[in-house]
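Each value in this text was obtained by applying a stated rule to the coordinates, not by laboratory testing. Only a predicted model underlies this, so the values are computations on that prediction, with no experimental measurement involved. Cβ: placed from backbone, ideal geometry, glycine included. Neighbour counts: every protein chain shown.
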Amino acid sequence: MKTLLTAAIAAVLLVGTVSAQLPKFGAGAFGGVSIPVVQDDQTNGTVFGARGRVGLLPILQIEPYFASTQWGAPDPVDGVNLGIDGSTVTAFGLDATIGFPPAKLGLKPFLTGGIGSFKVKNDDTGYDESKLGFNAGLGLGIGVSPFLDIDVRGVAMIAPQESGSKKAINLMAGVTYNFGIK
Amino acid sequence: MLKKIQMLPLGGLIVSALLVAGCLIVSGTFVIVKDFDMTAEAGFYFYQVDLTTEPDWDDHKDDIDFIDAVGVEFTIVSTETSDVAFSVYVDDYSGAGANPTSILPTADVIIDSLTVSPGTTRITYGESLTFLRNIPRLKSLVRSGKFDYYAGSTGNDGETFVITEGKVVVTLSASGS
């Protein structure tokens, strides 16, 4: 018990010491490719957005984000050219990353996952559903300077619908500026 | 501790792979195209749409979550000398037996008095989405797998007015393998 308590106190002191050296906030932008999963009525499209970053622990960051996805027009089905646009997905939410400390130079593999509001809409078909969804994936951060991180990440996005869900794999690259570096 | 943290991305990769694989199995969105032609009898057309004979429908019929969209496309060849007003109705599947000769009061209109000029007119799926009506009833009938499809034309002057290359296009979301 005494050992555990000592370890806990040491951990808190360690976290506090390291946290004091790390920026608490960052902001950036990202973009990439969105690949619909098992959706005959969509093809690959684009995703872009902006995210903030709040450091809770050296290895744990919280990222509020906004993302806009435009899937591509569907391919012909049984010889029928549907002639409609792909759906849009508008999302905002909170992700957590583990293993992506800001202000640290070099390679930083990390996990990411979180929840958000996902609105799937298609003006041509009138489809419009908005529900709480989630995403999870992993990435590789590169600390190019104490101020600047770039990252690439692959994320599975799952947007629940009335029942069932719309899914996609998003492959993205982003850049984040770290505030508060001295 | 550091090694454990370094192992996290590997764990994440495995979890992500399982997540995606699981999702691939459990749900998706599918588009089904059903062909039809309708023969006119005095400006009245009747066809029973049977999606249950389509392989994709058969694969997912027990796991349909909802109908995302329904549209139609067809070609009208009119040798009438003036414009014709064309309407389409849908109703519950009436089963085998003699074809009806008029539109029943239980039917709902989905295309209301579309003006068709003499010549060949092609209505595309995308265009149909802009003027289809009573979508909730249409989706409900589609989900049942079978329904009656009526059409009527007015303003005919006795020449031919033929509907060919008809297709019902159904987009549905389904869970299950």
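Descriptive notes on the structure:
- Label-zone membership for the stretch B:58-87, site B:V162, 7 angstrom Cα→C-beta point, backbone N under 12 Å: B:76-79
- Values of log10 I(q)/I(0), in the order q = 0.10, 0.19, 0.24 Å⁻¹, for the stretch B:77-174 under a Debye, Cα-only, solvent-free model: -0.30, -1.04, -1.41
- For the stretch A:90-148, the pair-distance distribution built from all alpha carbon pairs, in bins 5 Å wide starting at 0, is 4, 17, 18, 14, 14, 12, 9, 7, 5, 1 percent.
- Net length available on complete extension from B:V77 to B:S144 is 21.0 nm, with 0.36 nm assigned per residue and the Cα-Cα distance removed.
- Degrees separating the helix A:2-21 axis from the principal Cα axis of chain A, which is the longest one: 70 degrees
- Cut-off 12 Å between beta-carbons: net charge of the residues surrounding B:T106, Lys and Arg +1, Asp and Glu -1: -3
- Inter-site label distance for B:N99 and A:N81 at 7 Å from Cα along Cβ, in nm: 3.2 nm
- Computed over the alpha-carbon atoms, the stretch B:125-176 gives an Rg to Rh ratio of 1.05, Rh here being the Kirkwood radius from the mean inverse distance.
- Fraction of the pair-distance distribution of the stretch A:40-121 above 14 Å, Cα-Cα pairs, percent: 69 percent
- Considering helices alone, the calculated mean residue ellipticity of chain A at 222 nm is -4000 deg cm²/dmol, with DSSP H runs of length four and up weighted by -39500 (n - 2.57) and normalised per residue.
- Averaging 1/r across all pairs of distinct Cα atoms in the stretch A:42-86 and inverting the result yields a Kirkwood radius of 13.3 Å.
- Where only C-alpha atoms are counted, convex hull volume of the stretch B:51-106 per residue in Å³: 180 Å³
- Calculated P(r) of chain A - Cα pairs past 20 Å, %: 57 percent
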